[in-house]
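Let me begin by presenting the structure, written as structure tokens, before commenting on it.
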Amino acid sequence: MRQPWTLATYMTEGGSPADSPLLLQLYQHDRPFFLELLQLITQACTDYLKMQIDAGADAVQLFDSWASLAPDPLYHELSLRWIEQIIAALPPRFPVILFPKGKAHLTEELLRSGAQVLSFDWTVDLARTRAQLPASICVQGNLDPLILTRSPEETHQATLDLLHSMRGQPGHIFNLGHGLTPQAKVENVQTLIQTVVNFS
């Protein structure tokens, strides 16, 4: 599910944000209201995830899709602190996947979040990033979603390339580097699935 910073970004913008999000302005000009808003969303997210776990979920994922809008020096204050609060409130060691779009370079901070799986967007060299992480941390990703707008042959090859790059690396969950685009072709999605299933 979307996490507090990203949810609050959509709430204040009414849609996708601009380069200078209103939420960041809110943080700068009305800190008490910002903190109250993020705390309310954090509690709602925590309650919702606990219900999913009680209903039998094997893992949960937190999407920080607008993490890139938070300046690096403020990323913990604006976003990661709320993620940490959510993860700390869940059952100990319950599998949590964190997708911090555009923040792969903040590895040390991400590792302190409590997430057992870090998911990365398509701009990241996943094999190189995996090699820099502790063996106890899994990675997810990170095929470029635009591949699915091209041909089945290109989709097949790009999927194979990623799978081969991660061969022998512990704890890799294959996934896209973000969501499907409206232009994604059904036959390419089918090709991707078949390629992953048949890979050995």
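The values are calculated or read from the model by the stated rules, or taken from the named source; none is laboratory data. The structure presented is a predicted model; accordingly, all values stated were derived computationally and were not measured. Cβ atoms come from the backbone with ideal geometry, glycine included; neighbour counts cover every protein chain shown.
Summary of values
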{"read-out": "Residue list for region 1-29, filter: buried (at least 16 other Cβ atoms within 10 Å of the Cβ) and either touching an Asp or Glu at 6+ places or on another chain (Cβ under 7 Å) or of a type in the set (G, A, S) (or both)", "value": "Q3, W5, T6, A8, P21"}
{"read-out": "Some residue of region 99-116 being in contact with a strand residue (DSSP E or B) (Cβ under 7 Å, 6 or more places away or on another chain), touching a residue at least 60 places away in the same chain (Cβ under 8 Å), closer than 24 Å to Q169 by Cβ and of a type outside the set (F, W, Y)", "value": "yes"}
{"read-out": "Of all residues making up region 37-84, the number that are within 19 Å of S119 (Cα to Cα) and among the polar types (S, T, N, Q)", "value": "4"}
{"read-out": "Selection status of L78, touching a residue at least 24 places away in the same chain (Cβ under 8 Å), in contact with a helix residue (DSSP H, G or I) (Cβ under 9 Å, 6 or more places away or on another chain) and over 25 Å from G171 (Cβ atoms)", "value": "yes"}
{"read-out": "Residue tally, condition part of a strand (DSSP E or B) and either closer than 19 Å to F199 by Cβ or touching a helix residue (DSSP H, G or I) at 6+ places or on another chain (Cβ under 8 Å) (or both), over region 117-171", "value": "7"}
{"read-out": "Tabulated pairs, region 165-190, first at pLDDT below 95, second of a type in the set (D, E), C-beta under 7 angstrom, 6+ apart or interchain", "value": "H178/D121"}
{"read-out": "Filter pass, F33 being modelled with pLDDT of 95 or more and within 18 Å of the chain's Cα centre (by Cα)", "value": "no"}
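Residue-by-condition table, conditions (1) among the small types (G, A, S); (2) surrounded by fewer than 17 Cβ atoms within 10 Å (Cβ to Cβ); (3) modelled with pLDDT under 95:
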{"residue": "L74", "(1), (2), (3)": "no, yes, no"}
{"residue": "W82", "(1), (2), (3)": "no, no, no"}
{"residue": "I86", "(1), (2), (3)": "no, no, no"}
{"residue": "F94", "(1), (2), (3)": "no, yes, no"}
{"residue": "G114", "(1), (2), (3)": "yes, no, no"}
{"residue": "D121", "(1), (2), (3)": "no, no, no"}
{"residue": "L126", "(1), (2), (3)": "no, no, no"}
